[in-house]
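Below is one structure, written out as structure tokens; comments come after it.
Please treat every number below as a calculation from the coordinates, not as lab data. Being a predicted model, the structure only gives us computed values, none of them experimental. Here the Cβ is made from the backbone with ideal geometry for all residues, glycine too, and neighbour counts use every protein chain on show.
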Amino acid sequence: MSLPASSSSQNPPSSSAADSGPQDRSADAADLAVDRAGAERHQPGLLGNLAADPRTLVLAVRRDAAPLIDGRLALVSFADLASSAAGSQKTAGPEAAASAGPQQPAEHAASAPSLQLAEPSASAELARPAESTASAESARPAESTASAESAHPAEPTASAPAPSARPAAPDAAAPHDIPGITHWAFLGRTPDHRAVLLAVVADGAGDELVPDADWAPLRAAGGDLPAGEAELLTTAVALSGWLRDAAFCPACGALTELRQAGWSRHCPVCGREHFPRTDPAVIVLLTAAEGDRVLLGANAAWGGDRYSCFAGFAEAGESLEDAVAREVNEESGVRLREIVYRGSQAWPYPRSLMLGFRAVVVDEVEALADGEEIVEVRWFTREEIGSALRGESAVHLPGAASIARRLIEDWYGETA
């Protein structure tokens, strides 16, 4: 799971809980590396215990956005987050508190007094739009792709009373009652063994949860974060979406119980166990036989001036290589040879795993846009790509956070 490793700077972390502030961090300014520490997820009462540890760090995520300070992820202490949330609620009054959304029930809670269906939203998967893609955003395109398919409806979410502010019961989903936080999960440990928790922020909660921070979405910020922070944010966005949107058992419809510190759900009715879902999608950079040009596509939704690699979701029973060949032929009409795997990237819009390839076009004259999702296919020379990468061209390429950009940059950096 990797993102382009471009970087920017931010203030170094505080070294103790006593002086921790809004940008309290667990690593130095170089990067933030977090080990998932998956074995710990099974420990009873883990989230409650970690909430009581003054060294614990919290990454707040609202939909796909997280707080940044000086271009770096802003991790806060649990106490600071609780204090900011309480202060925000007092300042805003009861109406704002109500708009922050309900807290979610603790793990192993057998039922909730009331339920409400999730309203259609960007995460509700009425469509699966993707940035920097060459596919129609009315279907289920993956980020930086040139294809689309039908969407999956989101699962409804649960509404329940706020969990107790007392130390959590075994495997509790929310260690404390913090206004504006709907779910909690354990993300892992830093090299100095500080725990990192995910706080899923309700849509109505304000930016003041993390003072002095600017909130930015993964799409915009991911490419400028160091690799470790980009991976952490990607994980947090993916997990928060699942926690928010998959409260009910897809087999029987019962409200599920969160387990494994936010990483699994148990159905108390049919007994099934559910885990965060990941959908495989292929993305491919097409080259001419001589390797001196690349074929990119422009999506109808982009106004015709943004070009990207071709991609789409692998279908049931289909190999990745077959998915590459099918998607490219559907979108651009060309046949391929020498389909070679180049790398992968997790992309939680809403839950894709992008599997990157490079392939050679058999016959260049076959290139023809489908006229629906793809309005134009175009061959680019190395010089034209270089100009676009430097921002010296009217042609727009995928954003820095995308694997499409990395595939293009890797090709451009090679000796012709």
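In table form, for the structure just shown:
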{"read-out": "FRET efficiency, residue 365 to residue 251 (Cβ-Cβ, R0 56 Å, nearest 0.05)", "value": "0.65"}
{"read-out": "Dipole of segment 210-308, positive end: most advanced residue of 251, 278, 301 [Cβ charges, Cα centre]", "value": "251"}
{"read-out": "Cβ-based exposure ranking for 193, 183, in which fewest neighbours within 10 Å come first", "value": "193, 183"}
{"read-out": "Candidates per trypsin sites (Lys or Arg not before Pro) in segment 263-303, loop by DSSP, up to 13 other Cβ within 10 Å", "value": "277"}
{"read-out": "Cα gyration tensor category, rounded, prolate or oblate, for segment 290-344 with a/c compared to 1.5", "value": "oblate"}
{"read-out": "Percentage relative contact order, segment 279-413, counting C-alpha pairs under 8 Å, at least six apart", "value": "32"}
{"read-out": "Under 5 Å, built H, 5+ apart or other chain: amide partners of residue 352", "value": "279, 347"}
{"read-out": "Residue-span extension gain [residue 394 to residue 53] - 0.36 nm each, minus C-alpha spacing", "value": "117.5 nm"}
{"read-out": "Highest to lowest packing among 224-233, 380-389, scored as the average C-beta count within 10 Å", "value": "224-233, 380-389"}
{"read-out": "Anisotropy class of segment 295-416 from Cα gyration tensor, a/c 1.5 cut", "value": "rounded"}
{"read-out": "Full-stretch length increase - residue 203, residue 220 - with 0.36 nm per residue and alpha-carbon distance subtracted", "value": "4.2 nm"}
